[in-house]
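> Starting off with a structure, shown below.
Every read-out reported here was derived from the displayed coordinates using simple, explicitly stated rules and does not represent laboratory data. Owing to the predicted nature of the structure, the values given are computational and were not obtained by experimental measurement. Glycine also receives a Cβ, built like all others from the backbone with ideal geometry; neighbour counts cover every protein chain displayed.
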Amino acid sequence: MNGTNDIFNAEFSRQYDASSERLKDMSNNLHALLSLLLRDLPAEAKVLCVGVGTGTEIVRLAKLYPEWRFTGVDPSPDMLAVCAEKLEREGLSDRCTLIEGHVVDVPEQETFDAALCLLVAHFIQHPQRGGIYQHIADRLKPAGQLITAEIAGDMADPDFDGQLKHWVALQQAYTQRPRDISEVKAELNQRLLLLPPRQTGVLLREAGFASAQPFFQSLLIHAWQAIKP
Ligand SMILES: C[S@@+](CC[C@H](N)C(=O)[O-])C[C@H]1O[C@@H](n2cnc3c(N)ncnc32)[C@H](O)[C@@H]1O
C-alpha cells in the first residue's frame with residue numbers, strides 16, 4: 001500500500017500527541033464542529049475511525065456520546081499501541097475495536113453509521129486516493145456520513161504560497177526553528193499529495209456520496225461532510 005509506517009514509527013508515535021499541540025487551536029475547532037455534525041446519529045451508533053492514529057477523535061467523541069462504539073483502523077502498529085494504551089487509561093477499551101491495516105481489512109459484514117478520516121487522505125497518492133473514499137462508502141449504512149479532514153491546496157495557484165507562508169510561521173512558532181518556504185514545499189510534495197479542495201469534492205461524489213459539503217478550513221486543513229445516499 002502507500003507505506004507510511006516509516007513516518008509513523010515507534011519514536012514518532014510516542015511524541016505524536018505532544019507535537020500535535022501546535023495545531024491545537026485549529027483541531028479544537030475542527031473537533032467541536034464534527035461533534036456537532038454527528039449529533040443526530042443513533043444513541044448506540046457505530047463509528048469507524050480510519051487512520052485512527054493515537055485515538056484523539058475516539059476519546060473526544062466517546063466522552064460526549066457515552067453509548068457509541070468505535071472501530072479504529074490504522075496501518076501503523078506503533079500508533080495503534082499508543083492508541084490502545086490511551087483507550088485503556090480513559091476506560092474506553094470495552095467500547096473500541098482496533099484493527100491493524102486499511103479500510104479493506106475491516107470485516108465486510110460490519111457497517112457503520114459514520115466514519116471519520118482525519119488527517120489521513122493527504123498521505124495517499126494517485127491512483128489509490130479515490131479508493132479510500134470508496135472503501136469507506138462501502139462500509140457505511142445508507143444515509144451514513146463520512147467526515148474527512150485533510151491537508152489540501154492547489155500548489156499551482158499563485159495564492160498557495162501565501163497560505164503556505166502562514167502554515168510555515170505556525171510550525172516555526174512551535175519548533176523555534178526557522179524554516180525555508182521552498183524547503184517546506186518540497187517536503188510536502190515529496191511525502192504528501194495535496195489536492196485542490198474542489199477535486200476532493202469530485203472524488204467524494206465519484207465514490208458514491210450524494211453530497212460533499214466543505215464545513216471547515218484553517219490554513220491548509222480542509223474538512224468535508226459527505227453523506228451516502
Ligand atoms: C496524522 S495521523 C492522524 C491520526 C488521527 N486521525 C488524528 O487526527 O490525530 C495519520 C494516520 O493515518 C495513518 N494512515 C496512513 N495511511 C493510511 C491509510 N492508507 N489508511 C488508513 N490509515 C492510514 C497513519 O498510520 C497515521 O496513524
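> Taking neighbour counts of Cβ atoms within 10 Å as a proxy for exposure, in what order, fewest first, do Tyr133, Tyr174 appear?
Tyr174, Tyr133
> For helix 10-19, report the angle its Cα long axis makes with the longest principal axis of the Cα atoms of the chain; keep it between 0 and 90° and round to the nearest 10°.
Long axis of 10-19 versus the principal axis of the chain: about 80 degrees.
> At 0.36 nm per residue, and after removing the present C-alpha to C-alpha distance, how many nm does the segment from Glu85 to Ser35 gain when stretched out fully?
Extra length available between Glu85 and Ser35 comes to 15.7 nm.
> Rank the residues Ser13, Ser19, Ser76 as a footprinting-exposure proxy: fewest other Cβ atoms within 10 Å of their Cβ go first.
With the fewest neighbours first, Ser13, Ser19, Ser76 line up as Ser19, Ser13, Ser76.
> State, as an integer percentage, the relative contact order of region 1-157 based on alpha-carbon contacts under 8 Å between residues 6 or more apart.
The normalised contact order for region 1-157 reaches 24 percent.
> Taking the chain as the reference, fit the longest principal axis to its C-alpha atoms, fit the long axis of helix 181-191 to the helix C-alpha atoms, and give the angle between the two in degrees, 0 to 90, nearest 10.
Long axis of 181-191 versus the principal axis of the chain: about 40 degrees.
> Using a cut-off of 12 Å between alpha-carbon atoms, which aspartates and glutamates can reach Lys228, once sequence neighbours fewer than 8 places away in the same chain are excluded?
Asp113, Asp138, Glu206
> How much net charge surrounds Glu44 when only other residues with a Cβ under 11 Å from its Cβ are counted (Lys, Arg +1; Asp, Glu -1)?
With Lys, Arg at +1 and Asp, Glu at -1, the neighbours total +1.
> Please report the spacing between the Cα centers of region 59-76 and region 136-196 in Å, no decimals.
Result: 25 Å between the Cα centres.
> Would you mind checking the pairs Lys24/Lys185; Lys46/Lys185; Lys86/Lys141; Lys63/Lys185 and listing those with alpha carbons more than 31 angstrom apart?
Violating the 31 Å Cα-Cα cut-off are Lys46/Lys185; Lys63/Lys185.
> For each of Ile221, Ile132, Ile99, count neighbouring Cβ atoms within 10 Å of the residue's Cβ, then give the residues from fewest to most.
Details: Ile221 21, Ile132 24, Ile99 18.
So the ranking, lowest neighbour count to highest, is Ile99, Ile221, Ile132.
> Could you list log10 I(q)/I(0) for region 1-159 at q = 0.16, 0.17 Å⁻¹, which the Debye formula gives when each Cα is one point scatterer?
-0.93, -1.06
> Additional query: How large is the Kirkwood hydrodynamic radius of region 148-225, in angstrom, based on all distinct alpha carbon pairs? The partial results should precede the final answer.
On the way: mean 1/r = 0.0739 Å⁻¹.
After inverting the pairwise mean of 1/r, the radius is 13.5 Å.
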